[in-house]
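Notes follow the structure.
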Amino acid sequence: MAARYGVTQGIRTTRVTSPTRLVLLLSVGVFINYVDRGNLATAAPLIQGELHLSASQLGVLLSAFYYGYVLAMAPVGWFAEKYGAKRVLATGAIVWSIATLFTGVVSTFAGLLLLRLLMGGGESVAFPCASKLLAQAVPVSRLGLANGVLSFGYLLGPAIGTLLGGLLMTRFGWRPVFILFGVCSLAWLLPWRGVVIAPAAANPAASQRVPSFSEILKQRALWGAAIGLFSGNYGFYFILAWLPFYLVKTRGFSIEAMAWTASWAYLLNAVSALFMGWLTDSWVRGGRSPTVVYKGVMGLFNLGGIACMIGMVLLPTTGSIAVLFVYEVLAGLSSPAIFAIPQIIAGPHAAGRWVGVQNAAGGLAGLIAPAITGVLVDRTGHFGAAFALAAALQVTGFIGWVVVLPKIVPLRWAETRASALQY
């Protein structure tokens with residue numbers, strides 16, 4: 001990723017933020033994003049006891065985030081391309097930081113529900129805006145590593161957030177932790193203010209025509225990726241939302257032991273994503289097809305995920321934790337592809353809206369998985385059915401990423417439009 005470069009505007013030269021600095025700041029931003037969204041799961045055993053919530057109510061709270069997240073996702077992609085991804089991302093960061101802070105203040109189920117909805121709306125900005133910026137600033141041969149760094153950020157968030165949040169909650173209670181994290185999240189806006197984004201014309205791919213939303217929605221690749229992301233995300237969000245509760249209530253872990261175990265799992269996830277981002281770039285620069293590289297990784301994740309979901313619930317505690325770690329490694333390996341694929345196919349003029357739709361489908365899994373899990377646990381008294389459902393959906397994910405998704409090559413929107421007009 002290159003150093004800073006200048007953009008001449010009349011007699012004035014503006015120093016544009018380098019792709020390296022941009023990727024690092026985005027990575028820190030999504031790291032904070034995932035720390036904040038995951039705090040409720042870490043605090044779930046404590047909140048349930050203090051507010052006397054059932055598992056079903058807890059599931060509703062864990063899912064509420066995704067109602068705001070999913071509903072805002074597609075509009076946010078449009079706003080990012082219309083008004084600038086930098087500005088939209090900053091606005092969302094303010095909203096989710098304030099929602100995090102006030103979660104430490106409210107004392108009712110309704111209040112927590114409202115704040116989780118607000119947080120979801122705020123955090124919906126992250127991936128459409130980041131994908132728009134990366135597609136504009138980073139060449140295709142470097143998108144694997146750029147998305148690997150981004151994935152490392154958002155996957156490290158649950159690792160650090162669960163460990164630090166769990167340890168702090170053990171000592172100080174859950175309320176001060178939400179207030180502290182909300183205040184700290186606002187600090188990210190200080191370096192983000194200094195970011196200067198290159199004009200779209202600086203990217204050769206920007207010479208293509210800007211496609212309409214209806215053209216984007218007609219792409220088979222979009223729906224293959226959306227199906228694949230929804231199915232894979234179901235297992236990911238199921239684990240992210242319920243792992244702390246599962247380890248404490250089913251496996252008998254203390255809050256501190258749970259925090260360490262979950263954090264190690266999430267750390268493996270993050271490191272695997274960073275490694276795979278570097279490896280995919282190496283493969284692509286070495287002449288391998290992005291289609292083979294990215295589809296192969298996604299297929300491996302889905303097939304491995306089936307075995308892991310079954311093993312986590314059937315094996316004794318030691319084996320269950322080992323399989324959890326394997327699952328997190330596989331999930332990490334798949335992470336750079338999730339956004340590199342649409343960035344390659346859609347290009348800088350459509351990546352924001354494309355990822356908005358794709359991530360809305362993925363966010364539906366976050367909306368559904370925690371709530372369904374709560375109902376299944378209440379009705380059956382154990383997690384077996386929840387893990388079985390997550391395993392079954394990995395099959396659908398394989399179909400989406402490997403079968404429905406066509407070749408991973410940049411779409412030529414002008415040719416797509418002309419072809420459509422012939423019919």
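The values are calculated or read from the model by the stated rules, or taken from the named source; none is laboratory data. Quick caveat: nothing in here was measured; it's all calculated off a predicted structure. Cβ sites come from the backbone with ideal geometry, for glycine too, and all protein chains shown count toward neighbours.
Observations on the structure shown:
- Of all residues in the stretch 96-116, those satisfying the criterion of being surrounded by fewer than 19 Cβ atoms within 10 Å (Cβ to Cβ) and either in contact with a Pro (Cβ under 7 Å, 6 or more places away or on another chain) or in a helix (DSSP H, G or I) (or both) are Ile98, Phe102, Phe109, Ala110, Gly111, Leu113, Leu114.
- Put simply, of Leu62, Leu46, Leu53 the only residue that is assigned to a helix (DSSP H, G or I) and over 24 Å from Val355 (Cβ atoms) is Leu46.
- Subset of the stretch 299-312 [buried (at least 24 other Cβ atoms within 10 Å of the Cβ) and under 19 Å from the mean Cα position of the chain (by Cα)]: Phe301, Asn302, Gly305
Matching residues to (1) free of Cβ contacts under 8 Å to residues at least 24 places away in the same chain; (2) in contact with a helix residue (DSSP H, G or I) (Cβ under 7 Å, 6 or more places away or on another chain):
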{"residue": "Ala259", "(1), (2)": "no, yes"}
{"residue": "Leu279", "(1), (2)": "no, no"}
{"residue": "Arg285", "(1), (2)": "no, yes"}
{"residue": "Pro290", "(1), (2)": "no, yes"}
{"residue": "Lys295", "(1), (2)": "no, yes"}
{"residue": "Gly299", "(1), (2)": "no, yes"}
{"residue": "Met309", "(1), (2)": "no, yes"}
{"residue": "Thr318", "(1), (2)": "yes, no"}
{"residue": "Val323", "(1), (2)": "yes, yes"}
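- All conditions but one from (1) in a helix (DSSP H, G or I); (2) touching a residue at least 12 places away in the same chain (Cβ under 8 Å) apply to Pro348; the one that does not is (1).
- Residue in the stretch 146-165 that is over 17 Å from the mean Cα position of the chain (by Cα), assigned to a helix (DSSP H, G or I) and surrounded by fewer than 24 Cβ atoms within 10 Å (Cβ to Cβ) present: yes
- Of all the numbered requirements in (1) of a type outside the set (D, E, K, R); (2) farther than 30 Å from Ser54 by Cα; (3) at pLDDT below 90; (4) not in a helix (DSSP H, G or I), Ile408 misses one, and that requirement is (3).
- Checking each residue in the stretch 90-138 for being of a type in the set (D, E, K, R) and within 21 Å of Phe79 (Cβ to Cβ) picks out Glu123, Lys132.
- Unique match (being over 30 Å from Ser282 (Cα atoms), among the polar types (S, T, N, Q) and more than 20 Å from the chain's Cα centre (by Cα)) among Ser124, Ser97, Ser141, Ser107: Ser107
- Residues (touching a Gly at 6+ places or on another chain (Cβ under 9 Å) and either at pLDDT below 85 or not in a helix (DSSP H, G or I) (or both)) located in the stretch 174-208: Trp188, Ile197, Asn203, Ala205, Ala206, Gln208
- Selected residue [part of a helix (DSSP H, G or I), closer than 17 Å to Val35 by Cβ and polar (S, T, N, Q)] from Ser272, Ser282, Ser263: Ser263
- Verdict on Leu222 being over 21 Å from Pro370 (Cβ atoms), out of contact with any Leu (no Cβ under 8 Å at 6 or more places or on another chain) and surrounded by 18 or more Cβ atoms within 10 Å (Cβ to Cβ): yes
- Here is the figure for the stretch 166-189: residues that are closer than 18 Å to Val88 by Cβ and without any contact (Cβ under 8 Å) to a residue 24 or more places away in the chain total 0.
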